Amino acid sequence: MRYFVTLGDKTIEVELKGQEVFVDGQRMNADLVHVPGTPIRHLLVDGRSYPIVAQNGSERGSWELMLGGRRMSAEVVDERTRTIRAMTARTAGPQGPKPLRAPMPGLVVRIEVAVGDTVKAGQGIVIIEAMKMENELKAAANGIVASILVEPG
């Protein structure tokens, strides 16, 4: 099975053939192990383990990831879905409100915007503390802050 993983503006081709994993055509010793009862997965690459917090995003195939203290969004589609999208010239997702959700529980440390502010995709919105680390949550798309439903502390 072939998948296309998009992180930011980069797309990576991942092919699974039985127990073999190919990333952009290169065979890798890799495995993804889920820690039962948690959103944590361990990506094992060449004997090294990378803990990842992975939660389903708001749309099918989208994921919110926390890796090495960095938060990122990913989209994973299979070859068939990618082909259908290309054939139908699928445009950007629906317009409208897009709530910002933390990938894990945490304490709001600082809010970097105010209601009415214009934000750009990738701009920092709020800082939360989770697992003794500060994490910056960023805007997923361009927009205007309609409301803020949290406060520091």
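The values are calculated or read from the model by the stated rules, or taken from the named source; none is laboratory data. Just so you know, these numbers come straight off a predicted model, no measurement behind them. Counting neighbours? That spans all protein chains shown, and the Cβs are built from the backbone with ideal geometry, glycine included. Just so you know, the surface numbers come from the protein's heavy atoms only, side chains and all, with ligands and any DNA or RNA stripped out. Shrake-Rupley method; radii C 1.70, N 1.55, O 1.52, S 1.80 Å.
Taking amide H positions as placed 1.01 Å from N in the peptide plane, with prolines and chain starts having none, which residues 5 or more places from Ile125, or on another chain, fall under 5 Å of its amide H?
Close amide H contacts, sequence-distant or interchain: Leu137, Lys138, Ala139.
Against the longest principal axis of the chain, how steep is helix 79-88, in degrees 0 to 90 to the nearest 10, with axes from Cα atoms?
Roughly 60 degrees, rounded to the nearest 10.
Hey, with R₀ at 22 Å, roughly what FRET efficiency would Asp24 and Arg85 work out to, going by the Cβ-Cβ distance, to 0.05? Kindly include the intermediate steps, with their values, before the conclusion.
On the way: r = 20 Å, r/R0 = 0.91.
Result of the calculation: an efficiency of 0.65.
Which value, in Å², gives the accessible area per residue of the chain when a 1.4 Å probe is used on the protein heavy atoms?
Value returned for the chain: 71 Å² of accessible area per residue.
Just how many % of Cα pairs in the chain lie over 29 Å apart, if you round to the nearest whole percent? Could the numbers behind the result be given before it?
Details: 3178 of 11628 pairs.
Every Cα pair in the chain considered, those over 29 Å come to 27 percent.
Rounded to the nearest 20 debye, what is the charge dipole size of the chain about its Cα centre when +1 sits on each Lys and Arg Cβ and -1 on each Asp and Glu Cβ? Can you show the working numbers first?
Values: 19 positive and 18 negative charges, 47 e Å.
It works out to roughly 220 debye.
Sort out the exposed loop GluC sites (Glu not before Pro) in the chain (DSSP loop, at most 15 other Cβ within 10 Å) and tell me the longest stretch that has none. Walk me through the intermediate numbers first.
Details: sites that count: Glu59, Glu112.
Longest gap between qualifying sites, sites excluded: 1-58.
Looking at Val14, His34, Val113, which one has the Cα that reaches farthest to the positive end of the dipole of the chain (charges on Cβ: Lys, Arg +1; Asp, Glu -1)?
Of Val14, His34, Val113, it is Val14.
Restricting attention to region 1-69, which chymotrypsin sites (Phe, Trp or Tyr not before Pro) occupy a DSSP loop and are surrounded by at most 10 other Cβ atoms within 10 Å? Intermediate values should be presented prior to the final figure.
Numbers: sites: Tyr3, Phe4, Phe22, Trp63; in loops: none.
Here no loop site has a sparse enough neighbourhood.
Pick from Lys17, Lys98, Lys138 the residue whose mean-square fluctuation is largest in a GNM of the chain, springs joining Cα atoms under 10 Å.
Evaluated over the chain, the most mobile residue of the options is Lys17.
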